[in-house]
Amino acid sequence: EKRELILAFESSCDETSVAVIEDGHVILSNIIATQIKSHQRFGGVVPEVASRHHVEQITVCTQAALEEAEVTYADLTAVAVTYGPGLVGALLIGVTAAKAIAYAHHLPLIPVNHMAGHIYAARFVKPLEYPLLALLVSGGHTELVYMPAAGEFEIIGDTRDDAAGEAYDKIGRVLGVQYPAGKEIDRLAHLGQDTFKFPRAMLKEDNLDFSFSGLKSAFINTVHHADQIGETLNHEDLAASFQASVVEVLTTKTMYAARQLNVRQLVVAGGVAANQGLREGLATAIKASGMDLDLIMPPLRLCGDNGAMIGAAAHIELQKQQFSDLSLNAVPGLDF
Ligand code: KG4
Ligand code: ZN
């Protein structure tokens, strides 16, 4: 049987990535050019800088992805691209590259939602079974997503304010940790103790929503107050206390949803899914619950933005022949 090869593009934020994926779940190549160094001196992603880097990197990454996969354009079944959500200028570079290749090589064009891509990164771990529950935690999103079937997404819980990753990045700034701060705060957290007992927002409320701005403010106030009285607080304990609050809230709400929905699989996805505290917290909670719930967490390198996950998501659309014509545009505020 002929293998289905998808060339997939991701350029929604600060990673230019191009991948070649076979049959939706085998990675032949996954080239990722990160721009983080260029943005760090500004303390966050600068959209115009991001677009310029994508322009420079996209053809280089495409060549590298094809070479590493040992395929040519003639071998491809389709071209896929993230068309939202993300930075409009950044998205447009990937969309334009994918359209050009689809046109030049007469290939179907598959538009992919970036957040769906994060969830489908789980396909590289094992086949997904529906209905499933996904906890989507990234720099811009914190959502509980119910999937009754492949390609169907219902947001059943959302953040009222900051996303989890955003909170990590903001408190990181206060501790002098470079953007993006999540990984370093995670490392510090493992060296400290939850001595500060920061608030756990909305835990007792009978819903699946989140809030992280109160925690962020409590954290910042604690650090500023100590500064004012000339006291230095232990950064490891601060990180551990912050993380304990985030993990407890995410875990509690996720387990609450899983119990209500009667799902067999729980997918954790997005940049914050790389968090060791969260990975351990969920595994422990599932064990303690006695539930028959299969926890699927993509390997760390597939939690952050990458082209492979876009190829995995595109393969679902390929089965349904969900293609776009060359009028495809970037949609920065794209929802499910
Ligand atoms: O999914 P992603 O790469 O980009 C978006 O689509 O937003 O997520 C990036 C976010 C950043 O906020 C970063 O600080 C966070 O993921 N992050 C982490 C960890 N690794 C990355 N947060 C907590 N713990 C980590 N280990
Ligand atoms: Zn992302």
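Values quoted throughout were computed directly from the atomic coordinates according to the rules given, and no laboratory measurement underlies them. All values reported here derive from a predicted model rather than from experimental measurement. FYI the Cβ positions are ideal-geometry reconstructions off the backbone, even for glycines, and counts take in every protein chain you see.
List, in order, the whole-Hz ³J(HN,Hα) value for each residue of the range 315-325 obtained from phi through the Karplus relation with A = 6.51, B = -1.76, C = 1.60 and θ = phi - 60°; use x for Gly and Pro.
4, 5, 5, 4, 4, 8, 6, 8, 10, 10, 8
Between the helical axis of 213-228 and the dominant principal axis of the chain, each derived from Cα atoms, what acute angle in degrees is found, rounded to the nearest 10?
Value to nearest ten degrees: 50.
What shape does the range 7-166 take by its C-alpha gyration tensor, where a ≥ b ≥ c are the square roots of the eigenvalues and a/c under 1.5 counts as rounded, a/b above b/c as prolate, and the rest as oblate? Mind dumping the intermediate values first?
Working: a/c = 1.95, a/b = 1.13, b/c = 1.72.
Here the range 7-166 falls in the oblate category.
Taking R0 as 22 Å, what FRET efficiency do you get between Leu191 and Ile220 from their Cβ-Cβ distance, rounded to the nearest 0.05?
Working: r = 21 Å, r/R0 = 0.96.
Once the sixth-power term is evaluated, E becomes 0.55.
Could you give each residue of the range 138-145 its phi-based ³J(HN,Hα) in whole Hz, using Karplus coefficients 6.51, -1.76, 1.60 with θ = phi - 60°, and x for Gly or Pro?
Karplus-based 3J(HN,Hα) across the range 138-145 equals 9, x, x, 9, 9, 9, 9, 10 Hz.
Using a Förster distance of 45 Å, how high is the FRET efficiency between Val331 and Glu231, based on the Cβ-Cβ distance and rounded to 0.05?
Values: r = 48 Å, r/R0 = 1.07.
Between Val331 and Glu231 the formula returns 0.40.
For Ser213 and His105 in one chain, what is 0.36 nm times their gap in residues minus the Cα-Cα distance, to one decimal in nm? Don't jump to the answer; show the numbers that get you there.
Details: separation 108, 0.36 × 108 = 38.88 nm, distance 4.80 nm.
That works out to 34.1 nm of additional length.
Got a sec to turn the phi values of the range 50-66 into Karplus ³J(HN,Hα) couplings, 6.51 cos²θ - 1.76 cosθ + 1.60 with θ = phi - 60°, whole Hz, x for Gly and Pro?
4, 4, 4, 5, 4, 4, 5, 8, 5, 6, 4, 5, 4, 4, 4, 5, 5
Applying 1/(1 + (r/R0)^6) with R0 = 41 Å to the Cβ-Cβ distance of Gln178 and Glu152, what FRET efficiency is obtained, to the nearest 0.05?
On the way: r = 39 Å, r/R0 = 0.94.
So, using R0 = 41 Å, E works out to roughly 0.60.
Given the convex hull over the Cα atoms of the range 100-175, what projected area results after averaging over all orientations, in nm²? Can you show the working numbers first?
Details: hull surface 31.2 nm².
For the Cα atoms of the range 100-175, the hull's average projected area reads 7.8 nm².
Simple spin-label model, 7 Å along Cα-to-Cβ: Asn262 to Val60 in nm?
Reported label-point gap for Asn262 and Val60 is 5.4 nm.
Using the alpha-carbon atoms, what tilt in degrees (0 to 90, nearest 10) does helix 164-174 show relative to the longest principal axis of the chain?
Between helix and principal axis, roughly 60 degrees.
Aspartates and glutamates within cross-link reach of Lys2: Cα-Cα under 14 Å, excluding same-chain residues under 8 positions apart?
Result set, ordered by chain and number: Glu22, Asp23, Asp75.
Which length gain, in nm to one decimal place, applies between Thr252 and Asp161 when the Cα-Cα distance is subtracted from 0.36 nm times their residue separation?
Details: separation 91, 0.36 × 91 = 32.76 nm, distance 1.84 nm.
Contour length minus the Cα-Cα distance gives 30.9 nm.
Would you please classify the overall shape of the range 129-297 from the alpha carbon gyration tensor, given that a ≥ b ≥ c denote the square roots of the eigenvalues, rounded means a/c under 1.5, and beyond that prolate means a/b larger than b/c while oblate covers the rest? Please list the in-between numbers first.
Working: a/c = 2.13, a/b = 2.01, b/c = 1.06.
Taking the square roots of the gyration eigenvalues as a ≥ b ≥ c, the range 129-297 is prolate.
Using Cα atoms only, what is the angle between the long axis of helix 235-261 and the major principal axis of the chain, expressed in degrees (0 to 90) to the nearest 10?
Taking the Cα atoms of the chain, the angle to 235-261 is about 60 degrees.
Using a/c under 1.5 as the rounded threshold, could you call the range 28-116 rounded, prolate or oblate? The axes a ≥ b ≥ c are square roots of the C-alpha gyration tensor eigenvalues, and prolate needs a/b larger than b/c, oblate otherwise.
Values: a/c = 2.27, a/b = 1.63, b/c = 1.39.
Prolate.
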